[in-house]
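The values are calculated or read from the model by the stated rules, or taken from the named source; none is laboratory data. Values in this document were obtained by computation on a predicted structure and should not be read as measured data. Note that we place each Cβ from the backbone using ideal geometry, even for glycine, and neighbour counts take in every protein chain shown.
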Ligand SMILES: Nc1ncnc2c1ncn2[C@@H]1O[C@H](COP(=O)(O)OP(=O)(O)OP(=O)(O)O)[C@@H](O)[C@H]1O
Ligand SMILES: [Mg+2]
């Protein structure tokens, strides 16, 4: 099929649009509960915007989850190696600081440039290998990213205190609980039980300051063909031979 003006025809989900509007989001659930599926749908949805509006910093400790998005013009950094990851997160903080300096100069309270999504799949892996190097900087982003248009999206199998400390958690007030092993895990994510009773994948509880209580939602899975189509649309645009 030839795509002239409209390069892709897929639909986006309301849930993904809503999550992308949140300052920061935590996605947690057992292995196979669909965290990466949701992250793919979020990236796909964000890709309906141009790189002037939406950019990604992709942290991929598992090395294979986000690699497909590495060459997108939206991706300003992709890191999977431990040493590289801490450098990338430090650079993200510097970028945030420069945005604040700019905001101060222009007397504005919210940055008016692109939204930058720092996506980590999987956060527990990052905390086991790079906690000392990355946690303080991630905490700063969680505290100050909001006004600078810098968003954290963290996916984790282990939503426990040793993985997500109180300081990060208190600043991430948008949460998606997918199926998790125990009631306590569910409480760690959405402050109440329930996610342990969800089906293995496809449904989740979504909690934000707007919803106030966890809302049962369908988790969209984007067809890989549609994802490839949107990736090649953007990479074709930037790599013209
Ligand atoms: N919303 C969904 N709709 C349909 N199938 C789904 C959905 N979510 C997950 N699945 C199925 O479950 C599989 C595992 O999902 P996914 O890889 O996203 O899990 P995960 O939570 O990231 O696991 P891990 O912690 O091991 O990385 C998918 O490959 C898919 O087949
Ligand atoms: Mg995964």
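On the basis of being farther than 23 Å from residue 31 by Cβ and not in a helix (DSSP H, G or I), does residue 209 make the cut?
Working: farther than 23 Å from residue 31 by Cβ: yes; not in a helix (DSSP H, G or I): yes.
In short, yes.
I'd like to verify a number: residues in the range 16-44 that are within 25 Å of residue 225 (Cα to Cα) and not in a helix (DSSP H, G or I), how many? Spell out how you get there, then give the answer.
Quick first cut of the range 16-44, residues within 25 Å of residue 225 (Cα to Cα) only: 16-20, 27, 31-44.
Retained after the next criterion (residues that are not in a helix (DSSP H, G or I)): 27, 31-34.
Adding up the residues that qualify gives 5.
Residues of the range 39-54 being under 11 Å from the mean Cα position of the chain (by Cα) and either within 20 Å of residue 138 (Cβ to Cβ) or away from ligand 1 (no atom under 16 Å from the Cβ) (or both), which ones?
In the first step, residues of the range 39-54 are kept if they are under 11 Å from the mean Cα position of the chain (by Cα); the result is 39-43, 46.
Hits for the range 39-54 are 39, 42, 43, 46.
For every residue, the table says whether it meets (1) buried (at least 19 other Cβ atoms within 10 Å of the Cβ); (2) under 23 Å from residue 16 (Cβ atoms); (3) touching a helix residue (DSSP H, G or I) at 6+ places or on another chain (Cβ under 6 Å).
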site: 164; (1), (2), (3): yes, yes, no
site: 170; (1), (2), (3): no, no, no
site: 174; (1), (2), (3): yes, yes, no
site: 180; (1), (2), (3): yes, yes, yes
site: 195; (1), (2), (3): yes, yes, yes
site: 206; (1), (2), (3): yes, yes, no
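Assess whether residue 120 counts as being within 15 Å of ligand 2 (Cβ to nearest atom), touching a helix residue (DSSP H, G or I) at 6+ places or on another chain (Cβ under 9 Å) and at negative phi.
Answer is yes for this residue.
Kindly indicate whether residue 147 is under 24 Å from residue 17 (Cβ atoms) and free of Cβ contacts under 8 Å to residues at least 60 places away in the same chain.
Numbers: under 24 Å from residue 17 (Cβ atoms): yes; free of Cβ contacts under 8 Å to residues at least 60 places away in the same chain: yes.
Against the criterion (under 24 Å from residue 17 (Cβ atoms) and free of Cβ contacts under 8 Å to residues at least 60 places away in the same chain), residue 147 qualifies.
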Would you check if there is a residue in the range 177-184 being under 18 Å from the mean Cα position of the chain (by Cα), at pLDDT 95 or above and closer than 18 Å to residue 25 by Cβ?
yes
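So is residue 109 surrounded by fewer than 23 Cβ atoms within 10 Å (Cβ to Cβ), away from ligand 1 (no atom under 16 Å from the Cβ), more than 16 Å from the chain's Cα centre (by Cα) and within 17 Å of residue 84 (Cβ to Cβ) or not? Spell out how you get there, then give the answer.
Working: surrounded by fewer than 23 Cβ atoms within 10 Å (Cβ to Cβ): yes; away from ligand 1 (no atom under 16 Å from the Cβ): yes; more than 16 Å from the chain's Cα centre (by Cα): yes; within 17 Å of residue 84 (Cβ to Cβ): no.
It is false that residue 109 is surrounded by fewer than 23 Cβ atoms within 10 Å (Cβ to Cβ), away from ligand 1 (no atom under 16 Å from the Cβ), more than 16 Å from the chain's Cα centre (by Cα) and within 17 Å of residue 84 (Cβ to Cβ).
How about the range 125-150: which of its residues are part of a helix (DSSP H, G or I) and surrounded by 20 or more Cβ atoms within 10 Å (Cβ to Cβ)? Before the answer, list the steps.
Here is the first cut: in the range 125-150, the ones part of a helix (DSSP H, G or I) are 125-148.
The answer is 125, 126, 127, 134, 138, 141, 142, 145, 148.
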Quick check on my filter: what residues within the range 70-93 are touching a helix residue (DSSP H, G or I) at 6+ places or on another chain (Cβ under 6 Å) and in contact (Cβ under 8 Å) with a residue 60 or more places away in the chain?
71, 72, 73
I'd like the full set of residues that are more than 12 Å from the chain's Cα centre (by Cα) and buried (at least 22 other Cβ atoms within 10 Å of the Cβ), limited to the range 26-38.
29, 33, 34
With farther than 16 Å from residue 20 by Cα, more than 11 Å from ligand 1 (Cβ to nearest atom), touching a strand residue (DSSP E or B) at 6+ places or on another chain (Cβ under 9 Å) and at pLDDT below 90 as the only criterion, which of 159, 214 stands out?
159
Any residue in the range 120-138 that is touching a residue at least 12 places away in the same chain (Cβ under 8 Å) and under 14 Å from residue 160 (Cβ atoms) sitting within a Cβ distance under 8 Å of a residue that is within 16 Å of ligand 2 (Cβ to nearest atom) and assigned to a helix (DSSP H, G or I)? List the pairs, counting only those 6 or more apart or interchain.
122/35
